[in-house]
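To start, the structure itself, in structure tokens.
The values are calculated or read from the model by the stated rules, or taken from the named source; none is laboratory data. Just so it is clear, the model here is predicted, and its values are computed rather than measured. Counting neighbours? That spans all protein chains shown, and the Cβs are built from the backbone with ideal geometry, glycine included.
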Amino acid sequence: MNPRRLPLALISLVLFLAGCSSENPSPPEIIISQLPSAQVPAASPTIPVEESISNNLDFTPIYTESSPSVSITPITSPSPTPAPALRRLTTGGCCVDPFWSADGQQLLYIDRPSLEAPAGLWGVSTQGSEPQFITERLGIYSPDMLLRAFPKDGATHIEDLSTGEKWIIPNGGRAVSFSPDKAWLAWTAGQTGPPFNTARRDIWISRVDGSQDRQVFSGIRAGFEGWFPDGRILVSGLVEGPASEQALWALSPDQTQDGQPILVELGRGARIRQARISPNGEWVAYITTFSADPAQDGLWLANSRTGERRRLDAFGGYQWRDDQRLLIVPLDLNQPMHRLLQVEAPSGQVQPLSDPSITPFRIANGDWSVSPDGQMIAFVSADDGNIWLLELPN
């Protein structure tokens, strides 16, 4: 038996973590160590602290043949590409979807490394120490990991891990997203479909204690995409009209006109996915696919205040390194190894950060993330299934 398979009892909780709204009563809180060892195995998607939650925890692999084919403009570097340092952190093909601790000193993941070890959240130091058991309690965490949300008895429960206080959000046990200052929650309610093309959904917010709850946006196929640091939110939905396009909008919950939210459109296309907000909230990156005009498909950057947007020549998996710089792992099905690019958002200037002939690596299923200080990326290797660190050049 493989001790790293996780129990079937976790499936409902993983759906909660994945942002799936549930019209059925949610499962009780799960404490993993209480489950019989015979039931435990299977590395399941872990709980990203902020970014994947705000993007509905989309586990769709980035590097697939179904991804849109977008040519990459050849890039000429004025000097040799620096070689980033590559280090392995784990052994034994430990896990999937690792995420960073708030201080950037650990990579966290769900695991049960042996039959004798507890199943739950484990962590490994970026210095490469032996993995340490963190907690058996799973949930969606606030950015500083001091608040935890979990489903129980058809509601979402919020727990303050520093004081022990708990609050109940009567939202049907739906997944929530903590605001950067952890003062607010957001979630999506309404129809889940089918028919999906006419399913109307609502975006709700409340204080973490459940007070001041209210609907702030409603639309066909509406979805919550993330919090801006200044309290605005990013939402998506179908543009009601003959074109049947999706759009991304920024809005402030406290600013309305004639009772309706004031929307700033940041993107539009046949299908919009993977919207990601820069740390300071100035920029939003997203991809569009399946457009009638192929020139409209690809990776875009939009200014969240003005709505001005730019299509990038490079295309692939992407994460923000800091307020102004976007990291891209280009999609190139003809290359056996991956490489890393950096885009300056204000100018669109692209710079290579790695050379496959010098630093060869392969990321499994788009499973990578950037450290809080932007100095490293962690990824699951497609070669051995372990967590590796790539230390980035400045």
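Against the condition farther than 21 Å from G317 by Cα and in contact with a strand residue (DSSP E or B) (Cβ under 6 Å, 6 or more places away or on another chain), how does L251 come out, does it pass?
Details: farther than 21 Å from G317 by Cα: yes; in contact with a strand residue (DSSP E or B) (Cβ under 6 Å, 6 or more places away or on another chain): yes.
Answer is yes for this residue.
Suppose we keep only residues that are of a type in the set (A, V, I, L, M) and surrounded by 21 or more Cβ atoms within 10 Å (Cβ to Cβ) within the stretch 223-238. Which one would you say is nearest to L147 (Cα to Cα)?
At the first step, the residues of the stretch 223-238 found to be of a type in the set (A, V, I, L, M) are 233-235, 238.
Subset that is surrounded by 21 or more Cβ atoms within 10 Å (Cβ to Cβ): 233-235.
Details: I233: 20, L234: 22, V235: 23 Å.
Checking each candidate, the answer is I233.
Just to be sure I understand, how many residues within the stretch 354-368 are surrounded by 21 or more Cβ atoms within 10 Å (Cβ to Cβ) and in a strand (DSSP E or B)? Step through it out loud before you land on a result.
Going residue by residue through the stretch 354-368, those that are surrounded by 21 or more Cβ atoms within 10 Å (Cβ to Cβ) are 354, 361, 363, 366-368.
From what is left, the residues that are in a strand (DSSP E or B) are 363, 366-368.
Of the residues in that region, 4 qualify.
Residues in the stretch 317-326: is at least one surrounded by 15 or more Cβ atoms within 10 Å (Cβ to Cβ), under 21 Å from the mean Cα position of the chain (by Cα), over 25 Å from R232 (Cβ atoms) and without any contact (Cβ under 8 Å) to a residue 60 or more places away in the chain?
The answer is no, given that none of the residues of the stretch 317-326 is surrounded by 15 or more Cβ atoms within 10 Å (Cβ to Cβ), under 21 Å from the mean Cα position of the chain (by Cα), over 25 Å from R232 (Cβ atoms) and without any contact (Cβ under 8 Å) to a residue 60 or more places away in the chain.
For the stretch 91-112, indicate whether the set of residues that are modelled with pLDDT under 90 and among the small types (G, A, S) is non-empty.
Yes, the conditions are met somewhere in the stretch 91-112.
Filter the stretch 185-209 down to residues that are aromatic (F, W, Y) and assigned to a strand (DSSP E or B) and give me whichever is surrounded by the most Cβ atoms within 10 Å (Cβ to Cβ).
By that ranking, first place goes to W187.
Does the stretch 369-385 hold any residues that are within 17 Å of G93 (Cβ to Cβ) and crowded, with 18+ Cβ neighbours inside 10 Å, and which are they? Step through it out loud before you land on a result.
Restricting attention to the stretch 369-385, the residues satisfying the condition of being within 17 Å of G93 (Cβ to Cβ) are 378-385.
Listed by number, the residues that qualify are A378, F379, V380, S381.
With the checklist (1) modelled with pLDDT under 95; (2) surrounded by fewer than 18 Cβ atoms within 10 Å (Cβ to Cβ); (3) under 23 Å from P253 (Cα atoms); (4) of a type outside the set (S, T, Y) in hand, flag the one item R137 doesn't pass.
Failing condition for R137: (3).
In the stretch 140-181, how many are assigned to a loop (DSSP other than H, G, I, E, B), surrounded by fewer than 18 Cβ atoms within 10 Å (Cβ to Cβ) and in contact with a strand residue (DSSP E or B) (Cβ under 8 Å, 6 or more places away or on another chain)?
5
How many residues are part of a loop (DSSP other than H, G, I, E, B) and either surrounded by fewer than 17 Cβ atoms within 10 Å (Cβ to Cβ) or touching a Ser or Thr at 6+ places or on another chain (Cβ under 8 Å) (or both) if we restrict to the stretch 94-116? Write out each step before concluding.
Let us first name the residues in the stretch 94-116 that are part of a loop (DSSP other than H, G, I, E, B), namely 94-98, 101-105, 112-116.
Checking which are either surrounded by fewer than 17 Cβ atoms within 10 Å (Cβ to Cβ) or touching a Ser or Thr at 6+ places or on another chain (Cβ under 8 Å) (or both) leaves us with 95-98, 102-105, 114-116.
So the answer is 11.
Sort out which residues of the stretch 338-353 are part of a loop (DSSP other than H, G, I, E, B) and polar (S, T, N, Q), and write them in order of number.
Scanning the stretch 338-353 gives S347, Q349.
Would you tally the residues in the stretch 182-212 being free of Cβ contacts under 8 Å to residues at least 12 places away in the same chain and either of a type in the set (S, T, Y) or within 20 Å of G231 (Cα to Cα) (or both)?
Total meeting the criteria: 2.
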